[in-house]
């Protein structure tokens, strides 16, 4: 019985566990997608249209667009290109091949080949090709008009709905290729230079030689997160609270730029968290912020421009609120320091404010704090191995 049960389990897919909220989100998205696509198509085509207002493959497209928006098979070029190309092939096969069974087989096989060639593989498009051949007299009579209406109209409308719905509900869509590095150079981000690199993934996928329903960029991101998790486990339970600086110089939004600049110089630091009594951490002002705004001042050289910004020049002194960065990435005291590596190395953050659950500033972790902690942990582990 155990062998039979194990054999049966092979037919059950091993899906990634998802929350009940995600199940509800995907279902609601598909409902809205099909409903709005049908309503908009009926308005565009008119109630008396002889062609169907919605074609059946749109249901399969909805599954991909709303339940698996990260899939390469669900991206915009996949749905629009795949459906349009497949409908063209299906109509052509129906016109040239008298036998509907042979025409259907040729249409589906050729559609898959062309979609793979053009990089727009979309499984529901196989059904679009089949519909063009076996859809009935109305579709046959429409000929190539079927490609535009309803295939192209349905595809574009449901795609636009998916773009809006997925992004509003917190799912990045479309899933774009990996963003360029911070400095705009060809070098990979610092955390991607060791261990598994994108070139390794590309080589393995090429050797695998089959269609994988995950993009190389998404696979790389997942592996990268797994590496960070493993590093966190190996590096021990070091938290931000253990390494952060607690005696932190701060500013308020009403602090003048001259006062803020003098504080930076006095303490030999490069950033000031901006706090208020009511809201806690509301921003951060850095030397880079000062330099950016100094360069925007049209008069004089760089020293005079900087003097204008901090209040020594003829211009009226401005406040920290005028130049501070308001969207500040922060951490909690219990955050493991391994989670700080990607933002500090890849995103160029030099300071990570540490706040409590009420957004009250508790301290700051700098790149120097992070490097020192990781180096100290490495020394301790080396000493333990020597002792053992």
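When you scan segment 17-26, do you find a residue that is touching a helix residue (DSSP H, G or I) at 6+ places or on another chain (Cβ under 7 Å) and surrounded by 14 or more Cβ atoms within 10 Å (Cβ to Cβ), even just one? Even if it seems obvious, please write down each step before you answer.
Kept after step one, since they are touching a helix residue (DSSP H, G or I) at 6+ places or on another chain (Cβ under 7 Å), are these residues of segment 17-26: 26.
Filter once more, so that each one left must be surrounded by 14 or more Cβ atoms within 10 Å (Cβ to Cβ): 26.
There is at least one residue in segment 17-26 that is touching a helix residue (DSSP H, G or I) at 6+ places or on another chain (Cβ under 7 Å) and surrounded by 14 or more Cβ atoms within 10 Å (Cβ to Cβ).
Are any of the residues in segment 92-109 assigned to a helix (DSSP H, G or I), under 34 Å from the mean Cα position of the chain (by Cα), surrounded by 20 or more Cβ atoms within 10 Å (Cβ to Cβ) and modelled with pLDDT of 95 or more? Even if it seems obvious, please write down each step before you answer.
Here is the first cut: in segment 92-109, the ones assigned to a helix (DSSP H, G or I) are 92-96, 100-109.
Filter once more, keeping what is under 34 Å from the mean Cα position of the chain (by Cα): 108-109.
Cutting the leftovers down to surrounded by 20 or more Cβ atoms within 10 Å (Cβ to Cβ) gives us 108.
Those left that are additionally modelled with pLDDT of 95 or more: 108.
Within segment 92-109 (the criterion being assigned to a helix (DSSP H, G or I), under 34 Å from the mean Cα position of the chain (by Cα), surrounded by 20 or more Cβ atoms within 10 Å (Cβ to Cβ) and modelled with pLDDT of 95 or more), the answer is yes, since at least one residue qualifies.
Under 9 Å between Cβ atoms, which residue pairs at least 6 apart in sequence (or on different chains) link something in segment 129-149 that is in the same structural domain as residue 58 (by TED's automatic domain parsing) and on the phi > 0 side of the Ramachandran plot with a partner that is surrounded by fewer than 16 Cβ atoms within 10 Å (Cβ to Cβ) and modelled with pLDDT under 90?
none
Between residues in segment 14-32 that are touching a residue at least 12 places away in the same chain (Cβ under 8 Å) and residues that are in a loop (DSSP other than H, G, I, E, B), which pairs lie under 7 Å by C-beta distance while being six or more apart or on different chains?
Close Cβ pairs (under 7 Å, with a partner that is in a loop (DSSP other than H, G, I, E, B)) amount to 25/169.
Can you find, within segment 357-388, the residue that is modelled with the lowest pLDDT among those that are in contact with a strand residue (DSSP E or B) (Cβ under 6 Å, 6 or more places away or on another chain) and either part of a strand (DSSP E or B) or on the phi < 0 side of the Ramachandran plot (or both)?
At the first step, the residues of segment 357-388 found to be in contact with a strand residue (DSSP E or B) (Cβ under 6 Å, 6 or more places away or on another chain) are 359-366.
Now narrow it down to the ones that are either part of a strand (DSSP E or B) or on the phi < 0 side of the Ramachandran plot (or both): 360-366.
Numbers: 360: 96, 361: 96, 362: 96, 363: 95, 364: 95, 365: 93, 366: 90.
So the residue we want is 366.
Tell me which residues, restricted to segment 236-264, are closer than 18 Å to residue 286 by Cβ and in a helix (DSSP H, G or I).
Within segment 236-264, 257, 258, 259, 260, 261, 262, 263, 264 meet the criteria.
Only one of 59, 119 is under 22 Å from residue 32 (Cβ atoms) and surrounded by fewer than 16 Cβ atoms within 10 Å (Cβ to Cβ). Can you tell me which?
Every option except 59 fails the conditions.
Filtering segment 163-180 down to residues that are touching a helix residue (DSSP H, G or I) at 6+ places or on another chain (Cβ under 9 Å) and at pLDDT below 80, which residue is surrounded by the most Cβ atoms within 10 Å (Cβ to Cβ)?
175
The values are calculated or read from the model by the stated rules, or taken from the named source; none is laboratory data. Keep in mind the model is a prediction, meaning the values are calculated, not measured. Using ideal geometry, Cβ is built from the backbone for each residue, glycine included, and neighbour counts are taken over all protein chains shown.
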